[in-house]
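The values are calculated or read from the model by the stated rules, or taken from the named source; none is laboratory data. What you are looking at is a predicted structure, and each value in this text was computed from that prediction instead of being measured. Cβ placement follows ideal geometry from the backbone for every residue including glycine, while neighbour counts extend to all protein chains displayed.
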Amino acid sequence: MPKLVVFGSVAFDSIRTPFGEANEVLGGAAVYASVAASFFTHAGIVSGIGKDFPKEWTELLRKRNISTEGLKIAGEKTFRWKGYYEYDMASAHTVSTELNVMEGLMPELPGSYRKAPYVFLANLHPEQQLHVLDQMDNPRLSILDTMNYWITNEKEKLMNLIKKIDILLLNDAEARQLFSTPNLIAAGRRALAYGPGACIIKKGEHGVLLFTEKEIFSLPGYPLETVRDPTGAGDSFAGGLAGFLAKAGAMDEKALRKAMVYGSAIASYTVEGFGLDRLRSLTNPDIQQRYKEFEKIVRF
Ligand code: AMP
């Protein structure tokens with residue numbers, strides 16, 4: 001029985017960066033997040049795939065102890081995303097998004113997923129995210145991600161969902177847009193006023209901010225010299241964070257801070273390779289090593 005349910009896109013990604021190119025490789029927010037989480041806990045992925053989805057990819061997830069019972073064939077074609085990054089690798093430029101089976105997908109959660117105590121809702125339509133959350137029996141902790149498109153087009157539904165979840169994840173631009181302020185500290189505080197116990201604002205290579213009722217914590221980005229492909233960094237962070245919290249069984253300030261370090265360590269590996277390449281060869285000692293380096297970096 002999975003301990004953490006991960007809902008989001010499962011994709012064929014086509015990516016170009018100044019350092020290389022990949023065509024129709026396995027990607028999607030739910031894939032990055034569940035693979036990252038699998039280093040800590042038993043995750044169960046829920047999403048839609050097309051008849052064109054290779055069996056080896058489902059097998060790859062299964063071999064990582066990720067339940068794929070919630071991965072259902074929902075039509076002919078799997079979701080496809082094509083994008084590129086410029087020299088600074090700061091943000092993805094989308095060339096095309098083909099929703100295919102993800103369009104309006106309202107998946108039914110397998111019985112074995114419903115009792116899972118943890119859930120991560122990766123970026124999709126807030127109605128789809130709510131549909132999955134509503135099927136969970138009584139999760140101890142729910143984590144929500146979103147993107148600028150939903151903030152612009154479905155703000156009311158998104159705000160209603162934010163009232164129901166425990167941790168809100170945003171990147172800096174989304175935080176400014178959603179809470180109508182240029183200041184991230186003000187944005188983080190405003191997020192908490194809607195109900196989540198914590199808000200985490202991701203600042204890409206510049207690190208992450210955590211807001212809770214009592215404290216603000218700031219973690220720098222891991223000082224990386226090799227960044228080949230930033231795709232999946234945000235979702236790897238979220239999966240690592242959620243997976244660690246599921247394993248720790250705690251959600252106090254200390255556990256949240258540690259979870260952020262683990263999420264950042266995994267995301268720093270993700271971007272070193274193309275697509276899922278680096279995550280696939282990653283080991284627990286690798287993660288532990290970067291966790292220790294983070295400890296040294298923030299000590300003063
Ligand atoms: P990130 O962690 O933000 O880099 O997310 C990268 C993943 O998001 C890619 O693997 C894409 O397949 C997926 N993606 C891109 N656009 C969308 C979208 N509109 N809805 C859901 N997933 C998306």
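Yes/no matrix, rows are residues, columns are (1) within 14 Å of the ligand (Cβ to nearest atom); (2) part of a helix (DSSP H, G or I); (3) crowded, with 18+ Cβ neighbours inside 10 Å; (4) modelled with pLDDT of 95 or more:
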| residue | (1), (2), (3), (4) |
| --- | --- |
| Ser218 | no, no, no, yes |
| Glu225 | no, no, no, no |
| Ser236 | yes, yes, yes, yes |
| Ala250 | no, no, no, no |
| Leu256 | no, yes, yes, yes |
| Gln288 | no, yes, no, yes |
| Lys292 | no, yes, no, yes |
| Glu295 | no, yes, no, yes |
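If the condition is being surrounded by fewer than 21 Cβ atoms within 10 Å (Cβ to Cβ) and either at pLDDT below 95 or within 14 Å of the ligand (Cβ to nearest atom) (or both), then the range 113-127 contributes only Glu127. Within the range 76-93, residues that are without any contact (Cβ under 8 Å) to a residue 40 or more places away in the chain sit with their Cβ atoms under 6 Å from residues that are more than 10 Å from the ligand (Cβ to nearest atom) and assigned to a strand (DSSP E or B), at 6+ positions apart or across chains, in these pairs: His93/Tyr84.
Taking first residues from the range 268-280 that are modelled with pLDDT of 95 or more and partners that are away from the ligand (no atom under 13 Å from the Cβ) and β-branched (Val, Ile, Thr), the Cβ contacts under 8 Å between residues at least 6 apart in sequence or on separate chains come to Tyr269/Ile287; Glu272/Thr226.
Of everything listed in (1) within 11 Å of the ligand (Cβ to nearest atom); (2) at pLDDT below 95; (3) in a loop (DSSP other than H, G, I, E, B), the single unmet condition for Gly104 is (1). Within the range 248-288, the residues that satisfy the criterion of being charged (D, E, K, R) and in contact with a strand residue (DSSP E or B) (Cβ under 8 Å, 6 or more places away or on another chain) are Glu253, Arg257. Candidates Glu86, Glu69: the one that is out of contact with any Asp or Glu (no Cβ under 8 Å at 6 or more places or on another chain), in a strand (DSSP E or B) and among the acidic types (Asp, Glu) is Glu69.
Screening Lys203 on (1) among the basic types (Lys, Arg); (2) farther than 26 Å from Gly44 by Cα; (3) more than 16 Å from the chain's Cα centre (by Cα) shows it passes everything except condition (3).
The residue list Val35, Val6, Val46, Val25 contains one member that is assigned to a helix (DSSP H, G or I), within 16 Å of the ligand (Cβ to nearest atom) and among the β-branched types (Val, Ile, Thr), which is Val35. Looking only at the range 42-67, count how many residues are crowded, with 21+ Cβ neighbours inside 10 Å and either at pLDDT below 95 or of a type in the set (Val, Ile, Thr) (or both). Going through the range 42-67 one residue at a time, the tally reaches 4. Comparison of Ser14, Ser91 shows that the only residue that is modelled with pLDDT under 95 and within 14 Å of the ligand (Cβ to nearest atom) is Ser91.
Picking from Glu76, Glu103, which residue would you name as being closer than 23 Å to Val119 by Cβ, loosely packed, with under 14 Cβ neighbours inside 10 Å and among the acidic types (Asp, Glu)? After applying the criteria, what remains is Glu103.
Of the residues making up the range 258-286, those that are assigned to a helix (DSSP H, G or I), within 15 Å of the chain's Cα centre (by Cα) and not polar (S, T, N, Q) are Ala259, Met260, Val261, Tyr262, Gly263, Ala265, Ile266, Ala267, Tyr269, Leu279.
Residues to consider are Lys157, Lys164; find the one that is more than 22 Å from Tyr87 (Cα to Cα), out of contact with any Gly (no Cβ under 8 Å at 6 or more places or on another chain), of a type in the set (D, E, K, R) and surrounded by fewer than 17 Cβ atoms within 10 Å (Cβ to Cβ). Exactly one of Lys157, Lys164 is more than 22 Å from Tyr87 (Cα to Cα), out of contact with any Gly (no Cβ under 8 Å at 6 or more places or on another chain), of a type in the set (D, E, K, R) and surrounded by fewer than 17 Cβ atoms within 10 Å (Cβ to Cβ), namely Lys157.
Please enumerate the residues belonging to the range 79-135 that are over 20 Å from Glu21 (Cα atoms) and hydroxyl-bearing (Ser, Thr, Tyr). Ser112, Tyr113, Tyr118, listed by residue number.
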